[in-house]
Amino acid sequence: MNQNISYVLGFAFDLRHVLLIHKLRPEWQAGLLNGIGGKIQDGDQTPYHAMVREFKEESGVETTPEQWHRFAKMEFRNGIIVHCFASNTIDIHAAKSMTDEWIMIVDEMRASLENSKVVKNLTWLIPMARYSLKYEKLDGHVACDCVADWNRLRDIAAEDWLRDQLADRVKELEKTREALRKLYIAIKEDNFVTDLELNEAKDVLAK
């Protein structure tokens, strides 16, 4: 039994990406992506301070406790507790690998959907983290060995988050399509390209 062992786990976001780490340890996480974090130490005043320390040690980026929002506290049956944090006020592009476990900036949607490449619970923790920053500033308490809670968290976080993500992507695609359409019209009117080039532009617009 692992009694009274506590960890922190953090997800730092920009507009479309999340900062993750390619794990080598422990064995069950090896080869998978996870949030940045680690064990709370005796010198850490609070879980927030532990998150600041771990993020600095693994990414090289200085943060403050105020930049981190705790959105969940996961308690496992073996006694392990994980405090989960999120932030969208950190420059994740300044991060660099400080250990033999690589730091990676990952497309947020892909990280949440490709569950063969991430630690299993990230498929709902990432949407929940983003959801907590955008909407309700959640500070949840999660019994992680309970299937009902797992499904409930998917319902309240993942669906809303995915809907927002898809809506934003559709808007971006519409803008791109309109820009290409205007370009095609301009090219056609100026008549300085071949018919083959015009057909290629048409194919792009048709997709």
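Brief remarks follow.
- Of the residues contained in the range 125-134, none is found to be surrounded by fewer than 21 Cβ atoms within 10 Å (Cβ to Cβ), among the aliphatic types (A, V, I, L, M), in contact with a Lys or Arg (Cβ under 7 Å, 6 or more places away or on another chain) and within 13 Å of A12 (Cβ to Cβ).
- Taking first residues from the range 60-84 that are assigned by TED's automatic domain parsing to the domain that holds A50 and free of Cβ contacts under 8 Å to residues at least 60 places away in the same chain and partners that are of a type in the set (A, V, I, L, M) and surrounded by fewer than 20 Cβ atoms within 10 Å (Cβ to Cβ), the Cβ contacts under 7 Å between residues at least 6 apart in sequence or on separate chains come to G60/M98; V61/A94.
- Search result, residues across the range 102-116 that are modelled with pLDDT of 85 or more and touching a helix residue (DSSP H, G or I) at 6+ places or on another chain (Cβ under 8 Å): I103, I105, E108
- Subset tally (residues that are of a type in the set (A, V, I, L, M, F, W, C), assigned to a loop (DSSP other than H, G, I, E, B) and under 22 Å from L15 (Cα atoms)) for the range 67-118: 4
- Subset tally (residues that are surrounded by 19 or more Cβ atoms within 10 Å (Cβ to Cβ) and in a loop (DSSP other than H, G, I, E, B)) for the range 37-66: 3
- All conditions but one from (1) buried (at least 18 other Cβ atoms within 10 Å of the Cβ); (2) under 19 Å from A94 (Cα atoms); (3) of a type in the set (A, V, I, L, M, F, W, C); (4) under 16 Å from the mean Cα position of the chain (by Cα) apply to C84; the one that does not is (2).
- Count of the range 25-36 residues which are out of contact with any Leu (no Cβ under 6 Å at 6 or more places or on another chain) and either surrounded by 14 or more Cβ atoms within 10 Å (Cβ to Cβ) or on the phi > 0 side of the Ramachandran plot (or both): 5
The values are calculated or read from the model by the stated rules, or taken from the named source; none is laboratory data. Given the structure is predicted, the values throughout are model-derived calculations rather than measurements. All Cβ positions, glycine included, derive from the backbone under ideal geometry; neighbour counts span all protein chains shown.
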